[in-house]
Amino acid sequence: MQTGPTVALIVAAGTGIRSGSSLPKQYAPIAGRAMIAHAHAALDGHPGIDHVLVVIGEGQEALLRAAIGEVAFVTGGATRRESVAAGLAAIGDAARVLIHDAARPFVPAIVINRLLAALDHTPGAVPVLPVADTLALAGEALGDVVPRDRLVRVQTPQAFAVSAIRNAHAAWDVTAEATDDAQMLRAIGLDVAMVEGDIMLEKITYPADFAAAEARALPALVSRSATGYDVHRLEAGEELWLGGVLIPHDRGLSGHSDADVVLHAITDALLGTIGAGDIGTHFPPSDPQWRGAESGQFLQHAASLVRVEGGVIDFVDLTLICEAPKIGPHRGAMRERIAALLDIPERQVSIKATTSERLGFTGRQEGIAAQAIATIRVPA
């Protein structure tokens, strides 16, 4: 068994001209978000993967940022092989690597589990599916049928010991192009294990594939919503953090962490969608390590738990209840920060504010309250 970090490479440097999309296909929307965002969320949220690195085409930085936000990336080359090589050169002392094509947006956690388990005993592993259709040679007329009993369809992600796949790339004849990395490993005499693949890993290449991908994804997911609520006292001498943004005010919120009621309420809402308790369950106020902690880490933890369950965050809506300060001037910055923390587009975050007409503790400006609702989709 290899020791050291496990890294996932998402190869996304292509132009996708066969897809019929005006964008490179990896940035085209599928089931409500960019194709590459689905794959990144699944790999980044898997507990067996330590880091995710995206390999993009030259000049695609803005497209990547719009699709996922600020994530680690390197620029690839003119061919898939060159792009993978650029990724392998950038992952340092990683021991294991999963190499995945961005054109396969849905990555079931169970397939990742199988691949990582196989690497305990072999330098490489790939997910495969049996061939169901009759295969025949093509020409001017239908040719002979090809026996399919020993044929499989090979998918990605493909998993490798980093040292082995680097050696395979170094030894490859660059005058020929490999269709995948498993082929390169076999070329230096190393075995590649096969694990059971998944229909959800089907590749998107042509315009009709987009509709098929939507059909595969949407029925497999069910919608869930949950609410979150938080309140903190306003006190002199404290900083006022709301939605991950420092707000100028004569008083701030008091609490064990930075007391950001916005992020706390959204965190509880997300935890509620997967029945994972509340913020105090995961970050007990009795634990001194969370004293003064930035609440963004609480929110990212909740989002990662949703994604480990195979969930997709669709929308977050929050209402702040306070007499002061005015929220309108800071709404845009708060939406941007929350979207970045959740790794979703800003349009999927809503921030509203209201007063309590000078009634109650918020009306007396003794504290600020926040109520959130999160909507996600999870496997049925």
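The values are calculated or read from the model by the stated rules, or taken from the named source; none is laboratory data. Since we're looking at a predicted model, the values are computed, not measured. As a convention, Cβ positions derive from the backbone with ideal geometry for all residues, glycine included, and neighbour counts pool all protein chains shown.
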Those residues of segment 155-180 which are touching a Leu at 6+ places or on another chain (Cβ under 9 Å) and in contact (Cβ under 8 Å) with a residue 40 or more places away in the chain, in sequence order: Gln155, Thr156, Pro157, Gln158, Ala159, Phe160, Ala161, Val162, Ala164, Ile165, Arg166, His169
Cross-chain or 6+ apart pairs with Cβ under 7 Å, segment 324-339 first and in contact (Cβ under 8 Å) with a residue 60 or more places away in the chain and assigned to a helix (DSSP H, G or I), then polar (S, T, N, Q) and buried (at least 20 other Cβ atoms within 10 Å of the Cβ): none
Can you pull out every residue in segment 342-368 that is acidic (Asp, Glu) and outside any loop (DSSP other than H, G, I, E, B)? Glu346
Going through segment 344-365 one residue at a time, which ones are of a type outside the set (S, T, N, Q) and either surrounded by fewer than 14 Cβ atoms within 10 Å (Cβ to Cβ) or closer than 21 Å to Arg307 by Cα (or both)? Ile344, Pro345, Glu346, Arg347, Val349, Lys352, Glu357, Arg358, Leu359, Gly360, Arg364
Which strands (runs of 3 or more DSSP E) does segment 32-134 wholly contain that include 2 or more residues that are in the same structural domain as Ala176 (by TED's automatic domain parsing), within 19 Å of the chain's Cα centre (by Cα) and buried (at least 19 other Cβ atoms within 10 Å of the Cβ)? 51-56, 96-101
Filtering segment 289-310 down to residues that are in a loop (DSSP other than H, G, I, E, B) and small (Gly, Ala, Ser), which residue is surrounded by the most Cβ atoms within 10 Å (Cβ to Cβ)? Ser295
Taking the criterion of being in contact with a Ser or Thr (Cβ under 8 Å, 6 or more places away or on another chain), buried (at least 17 other Cβ atoms within 10 Å of the Cβ), over 26 Å from Pro24 (Cα atoms) and basic (Lys, Arg), would at least one residue in segment 221-244 satisfy it? yes
